[in-house]
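**Student:** Below is one structure. I have some questions about it.
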């Protein structure tokens, strides 16, 4: 009977070139062998609230159906021109919800046709090894497989081809692993500006 590779938690710290933490970066490890159905513990939900999308970045697996509830008192018109999944949710109002199924991997940039300051991103992934950095710039990938791996960090304002940096890492067979990544991330536009 072959030995199974053990798994460990991988803590990834993402900082910009000035050493400040980078929030909302998506950290993934490619799955080398079939992982079966991918599921995450967080809700597959992109709300419209306070004239912005919440969350700013959402990770979902391929095949996920994402809810788009409108919690504002005004109507929104959500759309994406992204090659991974172009769609349009025409004007809908307060306490109404629309749904979109994302069947291909890739980055889906979102906007509102009425409110230009509303911007968000959905990263549709094929791997169960994905997490998003918090305000301290840290993400934890649970049960990462031991051995050599390719760690990918994506952020919408990262100055790199495809907004991605990739690092070769080795995840130990026992104990938690830590990896620091420096990413040249530019400033985000003001998402709270009202028109």
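**Student:** Would you mind finding the one in 109, 149 that is in contact (Cβ under 8 Å) with a residue 40 or more places away in the chain and surrounded by 20 or more Cβ atoms within 10 Å (Cβ to Cβ)?
**Tutor:** So the residue among 109, 149 that is in contact (Cβ under 8 Å) with a residue 40 or more places away in the chain and surrounded by 20 or more Cβ atoms within 10 Å (Cβ to Cβ) is 149.
**Student:** Consider residue 156 against the criteria (1) outside any strand (DSSP E or B); (2) exposed (fewer than 15 other Cβ atoms within 10 Å of the Cβ); (3) at pLDDT 95 or above: it satisfies all of them except one. Which criterion is unmet?
**Tutor:** (2)
**Student:** Would a scan of the stretch 100-116 turn up a residue that is modelled with pLDDT under 95 and within 30 Å of residue 148 (Cβ to Cβ)?
**Tutor:** Checking the stretch 100-116: not a single residue is modelled with pLDDT under 95 and within 30 Å of residue 148 (Cβ to Cβ).
**Student:** Does residue 165 satisfy the criteria of being at pLDDT 95 or above, under 15 Å from residue 29 (Cα atoms), part of a strand (DSSP E or B) and more than 14 Å from the chain's Cα centre (by Cα)?
**Tutor:** yes
**Student:** For residues that are under 28 Å from residue 85 (Cβ atoms) and assigned to a strand (DSSP E or B), scanning just the stretch 125-142, find the one that is modelled with the lowest pLDDT.
**Tutor:** 142
**Student:** Let me confirm something: among 99, 87, which residue is under 23 Å from residue 154 (Cα atoms), touching a residue at least 12 places away in the same chain (Cβ under 8 Å) and in contact with a strand residue (DSSP E or B) (Cβ under 6 Å, 6 or more places away or on another chain)?
**Tutor:** Of the residues listed, the single one that is under 23 Å from residue 154 (Cα atoms), touching a residue at least 12 places away in the same chain (Cβ under 8 Å) and in contact with a strand residue (DSSP E or B) (Cβ under 6 Å, 6 or more places away or on another chain) is 87.
**Student:** Looking at the stretch 72-90, which of its residues are loosely packed, with under 14 Cβ neighbours inside 10 Å and either part of a loop (DSSP other than H, G, I, E, B) or within 17 Å of the chain's Cα centre (by Cα) (or both)?
**Tutor:** 73, 74, 81, 83, 86
The values are calculated or read from the model by the stated rules, or taken from the named source; none is laboratory data. All figures in this text were calculated on a predicted structure; none of them were measured in a lab. All Cβ positions, even for glycine, are placed from backbone atoms using ideal geometry, and neighbour counts span all protein chains on display.
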